[in-house]
1. For segment 1-43: of the residues being within 22 Å of residue 141 (Cβ to Cβ) and among the polar types (S, T, N, Q), which is farthest from ligand 1 (Cβ to nearest atom)?
2. Tell me which of these residue 257 doesn't satisfy, since it passes every other one: (1) on the phi > 0 side of the Ramachandran plot; (2) within 16 Å of ligand 2 (Cβ to nearest atom); (3) of a type in the set (Asp, Glu).
3. How about segment 100-110: which of its residues are within 16 Å of ligand 1 (Cβ to nearest atom) and in contact with a helix residue (DSSP H, G or I) (Cβ under 9 Å, 6 or more places away or on another chain)?
4. Which one is most open to solvent (accessible area, probe 1.4 Å), of the residues in segment 129-143 that are out of contact with any Cys (no Cβ under 7 Å at 6 or more places or on another chain) and within 14 Å of ligand 1 (Cβ to nearest atom)?
5. Inside segment 117-134, can you point out the residues that are touching a Leu at 6+ places or on another chain (Cβ under 8 Å) and farther than 12 Å from residue 22 by Cα?
6. Taking the options 257, 279, 253, name whichever one is farther than 19 Å from residue 61 by Cα, open to solvent by 10 Å² or more (accessible area, probe 1.4 Å) and either part of a loop (DSSP other than H, G, I, E, B) or in contact with a helix residue (DSSP H, G or I) (Cβ under 8 Å, 6 or more places away or on another chain) (or both).
7. Just checking, how many residues over segment 284-325 are within 26 Å of residue 219 (Cα to Cα) and either within 16 Å of ligand 2 (Cβ to nearest atom) or in contact with a Gly (Cβ under 7 Å, 6 or more places away or on another chain) (or both)?
8. Quick one: how many residues across segment 282-301 are farther than 25 Å from residue 226 by Cα, part of a loop (DSSP other than H, G, I, E, B) and touching a Phe, Trp or Tyr at 6+ places or on another chain (Cβ under 9 Å)?
Amino acid sequence: MELTRIDRLKNFLQDKNQLITIVVHANPDGDAIGSALGLYAWMTEQGFSRVYVVAPNPYASFLHWMPGNDQVIVAEEEKDKGLRLISTARLLICLDFNGMGRTAGLEEHMRASEAAKIMIDHHPDPENDFDLMISDTKVSSTAELLYECLAGLSDQEAISLTVAQCLYAGIVTDTGSFSYGCNNPRTYEIVARLIEKGVDGAKIQRLIYSTYSEDRMRLLGFCLSEKLKVIPEANTAYISLSESELLRFNHKEGDTEGIVNYGLSIENIKLAALFTEKEDHVKISLRSTGDLDANMLARNHFNGGGHKNAAGGKSFASLEDTLADFESLVKNERF
Ligand code: 5GP
Ligand code: MN
């Protein structure tokens, strides 16, 4: 008889003293960090003695409140340590991504590592880079799927308040505070279990969404009043930010997070985009409603991917040329 995914996961977790490295995707979001720190806390509480969390690069300060945040090794800042933990691990647990290409500078080391590789993720079209794939595209978030895994591995009693806070943060951020990707009773059943553990939902909401710096708030105002471009005939709205504009607002990691969503709040807008100029590329964030497939747009034209209604990618053309390409694609409905 075929072993269930939980049984297979259990088999990989027999040895509590093996070196286990939890890895998240580049530019980790609340779901990635919440899942990683939730799993880290659960494993530590279960007696696993050598567990580490590695993020490819830094992430937004509004995620730094999470318990265990000071344990995260940011590979861009502690390169030798990050790479060593990937190369020498017996087990790599990959959270919130489904292909090694999402780990930026860690990709080659991830592929070369002899560790067993486990993926727990909810993005479509997983790649065959893993020894065990726990993949479910119907769940709201990796944190929700991880809850199912932890409840299956132990029992609900073993999920502590610390674990619950991290998983709750993952669900809240990936659903835009329960406004999309969560039209399934199971998500709310799991959230109810987390609240029973003592999670203070209002407090977590404030920690994530009401901790703007003044610069970040003014950057948002600038985007909406000066930079929003609406293309009504293509039901599209987008915002672009050059490096100098970001500098003007003393841009910090995470300051542009969420800006892309505002375009979708305009009547009849079905596709919203944010273009952020970086040193050697333009970062692209896409959001859509209904059947409009942002994932295909990102995959087919912008070296990226994601979910149907939330995706991202990169362009190596100039910001100006990237915007011209984008406008032409959406005006001609070439997704
Ligand atoms: P965001 O716009 O918040 O950066 O990303 C939105 C979604 O798109 C997330 O689910 C994220 O995993 C995915 N995504 C963002 N950038 C990329 C990328 O470069 N490649 C792929 N495959 N997915 C991306
Ligand atoms: Mn996610």
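1. 4
2. (1)
3. 100, 101, 103, 105, 106, 107, 110 - these are the residues of segment 100-110 that are within 16 Å of ligand 1 (Cβ to nearest atom) and in contact with a helix residue (DSSP H, G or I) (Cβ under 9 Å, 6 or more places away or on another chain).
4. Only one residue tops the list, namely 137.
5. Across segment 117-134, the qualifying residues are 121, 122, 132, 134.
6. Being farther than 19 Å from residue 61 by Cα, open to solvent by 10 Å² or more (accessible area, probe 1.4 Å) and either part of a loop (DSSP other than H, G, I, E, B) or in contact with a helix residue (DSSP H, G or I) (Cβ under 8 Å, 6 or more places away or on another chain) (or both) holds for just one of 257, 279, 253, which is 279.
7. 15
8. 2
The values are calculated or read from the model by the stated rules, or taken from the named source; none is laboratory data. Quick caveat: nothing in here was measured; it's all calculated off a predicted structure. Virtual Cβ from ideal backbone geometry, glycine too; neighbours counted across all protein chains shown. We work out accessible area using only protein heavy atoms, side chains counted, and drop any ligands, DNA or RNA first. Shrake-Rupley method; radii C 1.70, N 1.55, O 1.52, S 1.80 Å.
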